[in-house]
Amino acid sequence: MNRQAFSKRSLQSIATVVMAAVLITSMFAGTAFADTGIDEVDPADEVFVDENGDAVLVYETDSDDDATGEFGLDVTESVVYALITDDMEEDVDAAFSMELDGDRAESSGELVADRPAEISDLSMNVTGEQTQETNEFEADLKMVMDAGTGFTQASASGQTVSSADEFSTDGEFSATTMGSVSASDVGLDLGITEADGGYTLDVRQQKYFSQYQADNWRTEADAKQTLEAQFSGVEAELGGDATVTVHSHEFQEDDMGGGHLDVTYTVELENVKDGLESTVADELAADSELDLEEDDAEQLASDLLAAEIDTLDVSYLMSGDTVEGAWDVTLTDLDSTVFAALDLAESAGGMNDETAFDSDEYTDMYEAQADSDLVQTSEWNLTLSQDETQTQTFSMDVSSDAENWEAYTTALAERDIESPEFSMNAHAETVDDEIEMEMGLTVTQDEFLENALSAVIENLENNPTADDEALEFMTAFEEADLELAKFDLNMDDGTIEMETGAKFDDFTAFEAHLEDAFHGYSIAHVYANDDAGYVYVTELVDADATEDDVRALEGVDDETVVHMPGEWDDEHPRLDMQQVTEYLSLDADEEDTDEETDGGEDDGSPGFGVAVALVAILSTMLLLRRN
């Protein structure tokens, strides 16, 4: 392997991992660096030693990569920074940015791209807001497509309504295809009601049976006997009684000996809930991970099944080229079931510290929901239509809101539970032969970064594929106490520019990782550009050291050019701290701004937020490692 290429790769690996790490304060990227390790660099190409024994290690590079830029870190100022520019083939104009601080994540962005040929028109609007007073969301989308989907029409609509003690959902769907979906009617209409420890099933079933199954359904007596045989297993398993009553029966036989059945019947399952509870209790008691006594398992099973089925109606029918269906479900008396589910989750994790589950906070949240009478509603409506030119129009409307939300957040606060706040908006539309998009997202929560980072570390601790280096690195990251992180990505006229930086409270938490990479040296500053990498080392050798002392070091070999005090007067490049200060919008009085600067103002460009930033910074890592 080329020594110079390896040296630059090692430098870039160190700085890029640190800069990428500032963006992993999200659970969605918690395992992105599970295998992150920093290799020890090859010996330096040149060493410049000053009269105090401090030194600059120079790692030259010889790369034909088109990407240009700079990156570095400063331990004293506790900052990292990178600016990378490269060419791209895609015809995209975009600007993305993200900023994280202790309690807030904010991002916004714009994108202009060529309109796909199969889309002739597009419009999208999304708004969402959650504060201490309100929680609402709305989204609509309309898209006109020239390409067919196999459907001439389709639609679906419905809603869900949930409270502490009740959950309900209802809706309907239908579709018409370009070909037949069924040669004969196939459908099911099922209704279930619950009363007196049993269930009643009202059923209409339509289905085709082949000649091998037809005898089981040919007459009403055959159908009743078959149904009784099917439900006899329920009687044996649960110890109850199953009574089948056939209300109507029609069997149309065909020339092949098979036939189409249309039957309506009722099944009364009496005294089965006790048997169902016993079956569940036996399963819980037999689970060694739960470690439940028999009485506890019986009570837990009873509570899990305490919810009442108020309404349960589902149906579908396939006929010719159409499919249609509907549902209506309401469950009540949920409190015992919810608490039992939380107890079960806690029992399941109680035997293993790594997967232990503490239900206290979830219990508090549920009780807050009950005390405030919180009711949350979601609605949706989707349609697809096709005109005579086979042009298809798809539209979607989705919304949600919450009743008594302010009372709920107040109840949470009384239990010392914070409700995070966020706002989001997005808009997209076709303009001539292009699609223009813009969006913004802001999330606010006390100790946002601290909580997110703790989640990342916990994820690594519970991830058997994560190595010790990854966990040690993230622990150091937590100890360094990230104060601010920024990321900007701009694409324009075939050029992509990525700029990122971060400010920590105490970067010395990373000292061990830097020392591991640089043979145990005390690193004060790292800087790399297109020509070379420069590592500033404190007390590399004693002030009275000789060249032989320097050459005896592990990071120096026979090919290294050693410059002792008095033999050189080179000025080596460093991070432009004023540029970093301006980019991160730091207080200049708190930063070292003595370095010469030639600009570095923040372009203020917007961006798409955490998700895009994570993808972009990972792409940056791959780009740098390619050298």
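The values are calculated or read from the model by the stated rules, or taken from the named source; none is laboratory data. Keep in mind the model is a prediction, meaning the values are calculated, not measured. When we count neighbours, we look across all protein chains shown, and the Cβ atoms used for this are built from the backbone with ideal geometry, even at glycine. The accessibility values were calculated without ligands, DNA or RNA, using every heavy atom of the protein model including side chains. Shrake-Rupley method; radii C 1.70, N 1.55, O 1.52, S 1.80 Å.
Tabulated data for the structure shown
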| quantity | calculated |
| --- | --- |
| Number of positions in region 100-117 that are under 29 Å from Thr383 (Cβ atoms), of a type in the set (D, E, K, R) and either in a strand (DSSP E or B) or at pLDDT below 90 (or both) | 1 |
| Whichever residue in region 332-360 is under 22 Å from Asn463 (Cβ atoms) and over 26 Å from the mean Cα position of the chain (by Cα) and, among such residues, is modelled with the lowest pLDDT | Met351 |
| Residues of region 64-109 satisfying the condition of being more than 23 Å from Ala509 (Cα to Cα) and among the aromatic types (Phe, Trp, Tyr) | Phe96 |
| From Glu511, Glu483, Glu478, residue being farther than 16 Å from Glu77 by Cβ and surrounded by fewer than 22 Cβ atoms within 10 Å (Cβ to Cβ) | Glu478 |
| Flag for Gln205 being modelled with pLDDT under 95 and either touching a Phe, Trp or Tyr at 6+ places or on another chain (Cβ under 9 Å) or surrounded by fewer than 17 Cβ atoms within 10 Å (Cβ to Cβ) (or both) | no |
| Any chance Glu133 is touching an Asp or Glu at 6+ places or on another chain (Cβ under 6 Å) and not in a strand (DSSP E or B) | yes |
| Residue count for region 120-129, restricted to those that are within 17 Å of Glu434 (Cβ to Cβ) and either in contact with an Asp or Glu (Cβ under 8 Å, 6 or more places away or on another chain) or in a loop (DSSP other than H, G, I, E, B) (or both) | 4 |
| Qualifying residue in region 292-300 (condition: surrounded by 14 or more Cβ atoms within 10 Å (Cβ to Cβ) and acidic (Asp, Glu)) | yes |
| Single residue of region 243-291 satisfying the filter (among the polar types (S, T, N, Q) and within 43 Å of the chain's Cα centre (by Cα)) that is least open to solvent (accessible area, probe 1.4 Å) | Thr279 |
| Residues satisfying the stated conditions in region 381-392, i.e. β-branched (Val, Ile, Thr) and at pLDDT 95 or above | Thr383 |
| Residue in region 26-44 that is among the hydrophobic types (A, V, I, L, M, F, W, C) and at pLDDT 85 or above present | yes |
| In region 213-229, the residues that are farther than 18 Å from Asn271 by Cα and not in a loop (DSSP other than H, G, I, E, B) | Ala214, Asp215, Asn216, Glu220, Ala221, Asp222, Ala223, Lys224, Gln225, Thr226, Leu227, Ala229 |
| Hey, Leu312 within 34 Å of the chain's Cα centre (by Cα) and either small (Gly, Ala, Ser) or part of a strand (DSSP E or B) (or both) or not | yes |
| Residues within region 411-422 that are modelled with pLDDT of 95 or more and open to solvent by less than 20 Å² (accessible area, probe 1.4 Å), tallied | 2 |
| Cβ pairs under 7 Å, 6+ apart, first in region 392-419 and over 24 Å from Gln159 (Cβ atoms), second among the acidic types (Asp, Glu) and open to solvent by less than 60 Å² (accessible area, probe 1.4 Å) | Arg415/Asp364; Ile417/Asp364 |
| Count - residues of region 63-79 that are of a type in the set (Gly, Ala, Ser) and either modelled with pLDDT of 90 or more or part of a strand (DSSP E or B) (or both) | 3 |
| Residues of region 522-578 that turn out to be surrounded by fewer than 16 Cβ atoms within 10 Å (Cβ to Cβ), part of a loop (DSSP other than H, G, I, E, B) and hydroxyl-bearing (Ser, Thr, Tyr), as a count | 1 |
| Near pairs, Cβ below 7 angstrom, 6+ apart or cross-chain, from region 483-498 (of a type in the set (Gly, Ala, Ser)) to any residue that is assigned to a strand (DSSP E or B) | Ala485/Leu100; Ala485/Ala502; Gly494/Asp87 |
| Exclusive hit being at positive phi and surrounded by 14 or more Cβ atoms within 10 Å (Cβ to Cβ), set Gly197, Gly187 | Gly197 |
| Scope region 124-142; condition within 25 Å of Glu388 (Cβ to Cβ) and open to solvent by less than 40 Å² (accessible area, probe 1.4 Å); matching residues | Leu141 |
| Residue that is modelled with pLDDT under 95, of a type outside the set (Gly, Ala, Ser) and within 48 Å of the chain's Cα centre (by Cα), where the choices are Leu227, Leu238 | Leu238 |
| Flag for Asp140 being modelled with pLDDT under 90 and within 26 Å of the chain's Cα centre (by Cα) | no |
| Residue count, region 43-62 (criterion: among the aliphatic types (A, V, I, L, M) and part of a loop (DSSP other than H, G, I, E, B)) | 1 |
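This table checks each residue for (1) at pLDDT 95 or above; (2) assigned to a strand (DSSP E or B); (3) of a type outside the set (Phe, Trp, Tyr).
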{"site": "Tyr362", "(1), (2), (3)": "no, no, no"}
{"site": "Ala370", "(1), (2), (3)": "yes, no, yes"}
{"site": "Gln376", "(1), (2), (3)": "yes, yes, yes"}
{"site": "Ser395", "(1), (2), (3)": "yes, yes, yes"}
{"site": "Ser400", "(1), (2), (3)": "yes, yes, yes"}
{"site": "Thr409", "(1), (2), (3)": "yes, no, yes"}
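Listed here are the residues, each with its yes/no results for (1) farther than 30 Å from Leu334 by Cα; (2) open to solvent by 40 Å² or more (accessible area, probe 1.4 Å).
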site	(1), (2)
Ala154	yes, no
Gly158	no, no
Ser174	yes, no
Leu201	no, no
Asp241	no, yes
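Yes/no per residue for (1) among the β-branched types (Val, Ile, Thr); (2) open to solvent by less than 50 Å² (accessible area, probe 1.4 Å); (3) outside any strand (DSSP E or B); (4) in contact with a Lys or Arg (Cβ under 6 Å, 6 or more places away or on another chain):
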site	(1), (2), (3), (4)
Ala426	no, yes, no, no
Glu438	no, no, no, no
Leu441	no, no, no, no
Ile457	yes, yes, yes, no
Pro464	no, no, yes, no
Phe473	no, yes, yes, no
